[in-house]
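Undergrad: Have a look at this one.
The values are calculated or read from the model by the stated rules, or taken from the named source; none is laboratory data. On a predicted model such as this, the values are computed, not experimentally measured, just so you know. Please note: Cβ atoms are built from the backbone with ideal geometry, for glycine as well, and neighbour counts cover all protein chains shown. All accessible areas refer to the heavy atoms of the entire protein, side chains included, with ligands and DNA or RNA removed. Shrake-Rupley method; radii C 1.70, N 1.55, O 1.52, S 1.80 Å.
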Amino acid sequence: MEKLTDIGVIKALMKKHGFEFLKGLGQNFLINPSVCPKIAEQGNAKKGFGIIEIGTGIGVLTAELAKRADKVVAIEIDDRLVPILEDTLSEFENVKIINEDVLKTDLSKIIDENFKGLDVAVCANLPYYITSPVIMKLLESRLRIKSVTVMVQKEAGKRLCADMGTRDMGAVTVAVNYFSKPKILFDVSRGNFIPSPNVDSCVVRFDIKEETPKGVEDEKFFFKVARGAFSQRRKTLANSVSSALAIEKSIVLRSLEQSGLAVNVRPEQLSMEEIINFSNVLKNLRDL
Ligand code: SAM
């Protein structure tokens, strides 16, 4: 197999297939040969596992996953890459390419149809313009997966993996911690891609929890509160939640009091248990 991180090889493939990078699809391809093996090894690509990859590019990570896992199903939106992948991945019989938008793909069906008897993990160098929706889809769909290991923008990685109750956290931190144990694995600087993006990256892994936190009375409302809480970053929890959820401020203040929280508490000061408790109380008082 040709070295798919070699710029000369990439340029020759592009010329042969008349391919040009599309910035709008987040097409920044990895050119450092040590990164993809690390993602594969730390992302559960091993015997007994089926891997879902999102965004193949020319197949540089796909190949490393296929060498290690039993099967790889890779979802790529850009049909111009399909003939290139037929070239670059021809030696692998355990790879299936699905030419679709991941946000419109039925991932649970993919798992049922392709990974019977296998554990499942997701690995990807994500297109950054859809980082949050993809991660939320992977987590909220309660798929039968053990882990999600993805390259994201460094800033996004910091937010995703922030500890609860710290300045870096946001609504997405609440969701990530609800469904998984997040961890930053390693940094990847912008010079490791062609074309080089304007930001540095990092690889994060979410180990999916077998059970989500107990005590949430209404999960949909809990996530509404979490999103509302962080909708206006410099405001207090009371002001943000009251305006985002259109609930009278007096009800929100009473809920804070009954949950044992200060009236001027800020959302980034809350633990998971405190958000759960507050959302339960708020829902009950609102519905009175
Ligand atoms: N895995 C390759 C690598 O590491 O070099 C390419 C990664 S590149 C950052 C992101 C890839 O995701 C591109 O190939 C792009 O075409 C693809 N992509 C963008 N939007 C997508 C979507 N909605 N669904 C599936 N693939 C998408």
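Undergrad: Return yes when V174 is at pLDDT 95 or above and out of contact with any strand residue (DSSP E or B) (no Cβ under 7 Å at 6 or more places or on another chain) and no when it is not.
TA: yes
Undergrad: Related question: May I ask you to say which residue of I52, I75 is under 21 Å from the mean Cα position of the chain (by Cα), more than 10 Å from the ligand (Cβ to nearest atom) and under 14 Å from L126 (Cα atoms)?
TA: On the way: I75 fails: more than 10 Å from the ligand (Cβ to nearest atom).
On inspection, the qualifying residue turns out to be I52.
Undergrad: Go through segment 55-72 and give me each residue that's in contact with a Pro (Cβ under 9 Å, 6 or more places away or on another chain) and either more than 8 Å from the ligand (Cβ to nearest atom) or modelled with pLDDT under 95 (or both).
TA: Result: E64, K67, R68.
Undergrad: Please name all residue pairs, on different chains or six or more residues apart, with Cβ atoms under 7 Å, provided the first residue is in segment 249-265 and is open to solvent by 90 Å² or more (accessible area, probe 1.4 Å) and the second residue is of a type in the set (V, I, T).
TA: Taking only residues 6 or more apart or on different chains, the pairs are Q258/V281; N264/T236.
Undergrad: Given the condition more than 22 Å from the chain's Cα centre (by Cα) and among the aromatic types (F, W, Y), answer yes or no: does some residue in segment 85-102 qualify?
TA: Yes, some residue in segment 85-102 is more than 22 Å from the chain's Cα centre (by Cα) and among the aromatic types (F, W, Y).
Undergrad: Now for a separate question. Pairs only if they're at least six apart or on different chains, beta carbon under 9 angstrom, first in segment 35-46 and at positive phi, second at pLDDT below 95 and more than 12 Å from the ligand (Cβ to nearest atom); list them, first residue then second.
TA: none
Undergrad: Additional query: Just checking, does segment 79-96 include any residue being open to solvent by less than 60 Å² (accessible area, probe 1.4 Å), closer than 28 Å to R234 by Cβ and away from the ligand (no atom under 16 Å from the Cβ)?
TA: No.
Undergrad: Continuing with the same structure: Can you pull out the residues in segment 206-222 that are open to solvent by 50 Å² or more (accessible area, probe 1.4 Å) and assigned to a strand (DSSP E or B)?
TA: D207
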